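This report refers to the structure that appears directly beneath it.
Readers should treat all values here as calculations from the given coordinates under stated rules, not as data from a laboratory. Just so you know, these numbers come straight off a predicted model, no measurement behind them. Note that we place each Cβ from the backbone using ideal geometry, even for glycine, and neighbour counts take in every protein chain shown.
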Amino acid sequence: MHQTTGRVRLVWTVGVAAVTVCGLAWLPGRHAAPHAAVPGCAAAPEPPDPAHPAAGMAYLPGGAFQMGAAPLRDEEGPPHGVHVAPFWIDRTDVTNAQFAHFVAATGYRTLAERGLDEAHFPGLRPQDRVPASLVFVGAAPGADLHDPGAWWRIVPGADWRHPKGPGSSIQGLDQLPVVHVAYEDALAYARWAGRDLPTEAEWEYAARGGLTAATYVWGDAPRPDGRMMANTWQGHFPDQDLAEDGYRAQPSPVGCFPPNGFGLSDMAGNVWQWTRDMMPNDGVAPGHIIKGGSFLCSEHYCFRYRPAARTAGPPDSGASHIGFRTVFRQSDVAQD
């Protein structure tokens, strides 16, 4: 059977193994404890209060900054001056506990839980529209790096509550970033909280933390004083993560790595983050821009945990390495 990342972008052949991975536990490595007991990590963020949308967020004064950098990937652009107005932004990615609070308050069901609408995807067979999401399953040594199907599977039953598919759960993982949220899911959460998703410019301004033209959100040294600054991939991708950062091929709880100059955690690595902007129609895949890279980005493959990096998120689903954070603007007006 043929399926695709995002169900429309990259085609590969998926066999029975796509279903049998559903029950796998998190890959070996340091596992996250419940959010009240994660040693060395920041305190768990509180659920948002729609009556006080800016509560708990970081206030950024805005202003002019240099966005972008000399492109290292085709979709990246040159440095250019941008001005952003003041805004508030979440100090961490939205967590499983926060998203669960939203779902409990609203009864919301994510796209991965609903499946694809035939009206919007008339060309897909019924079995390709079932509730499912994109799961990283790893790869055998020697995998073809030009074939993401070697390490990704669309797994029926995978969603934010079941990040690996049926048989997996988020029990005890309250402080991990919520994943398997599509763009529309992230926007629904933001709207409920009286907030919005950041523009790419707002996100990058926030990620840079006041630094100008730095390679990383913390500066220019990959590992200052030998310290790991983000949850990324060390080793040969996609078959060997050395877990030098303490986490092997999996997300970490939010706030476990040093915050940037604005006090924001995980603006690099861990999970990608949705923005409102669309990728320009210049030959790259369509979709809203995601920023920040993830635990799957290595120095030698992907290398998109830089503030200037960008790519398009899947247009019709979430994935096990994509999350989000929200912003609040005093002048926010609901937008489609």
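Values as computed for the structure displayed
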item	result
Charge-dipole axis of the chain as Lys and Arg at +1 and Asp and Glu at -1 on Cβ define it, positive-most pick from ALA268, TRP160, ALA319	TRP160
Highest average packing first - 164-175, 118-129, Cβ atoms within 10 Å	164-175, 118-129
Whole-angstrom gap from the stretch 263-329 to the stretch 44-101, using each part's C-alpha centre	12 Å
Whole-Hz couplings from phi, Karplus 6.51/-1.76/1.60, listed for the stretch 149-165; x for Gly and Pro	x, 6, 10, 10, 9, 7, 10, x, x, 6, 7, 5, 7, 10, x, 9, x
Dipole magnitude of the chain about its Cα centre (Cβ charges: Lys, Arg +1; Asp, Glu -1), debye to nearest 20	360 debye
Sorted peptide list for 47-53, 182-188, criterion being average Cβ within 10 angstrom, highest first	182-188, 47-53
Sum of -39500 (n - 2.57) over DSSP H runs of 4+, divided by residues of the chain (222 nm, nearest 500)	-3000 deg cm²/dmol
In Hz, Karplus ³J(HN,Hα) per residue of the stretch 197-211 (6.51, -1.76, 1.60; θ = phi - 60°; x = Gly, Pro)	8, x, 6, 4, 5, 4, 4, 5, 4, 5, 5, 5, x, x, 7
Charge dipole of the chain about the Cα centre (unit charges at C-beta), most positive-ward option of ASN281, PRO141, PRO86	PRO141
For Cα Rg over 2.2 N^0.38 Å, calculated from these coordinates, the label among (1) 1.05; (2) 0.99; (3) 0.93	(3)
Cα centre as origin, Lys/Arg/Asp/Glu Cβ charges: the stretch 123-223 dipole, Debye	300 debye
About the Cα centre, charge dipole magnitude for the stretch 135-285 (Lys/Arg +1, Asp/Glu -1 at Cβ), debye	380 debye
Normalised convex hull volume, the stretch 122-194, alpha-carbon set, Å³ per residue	155 Å³
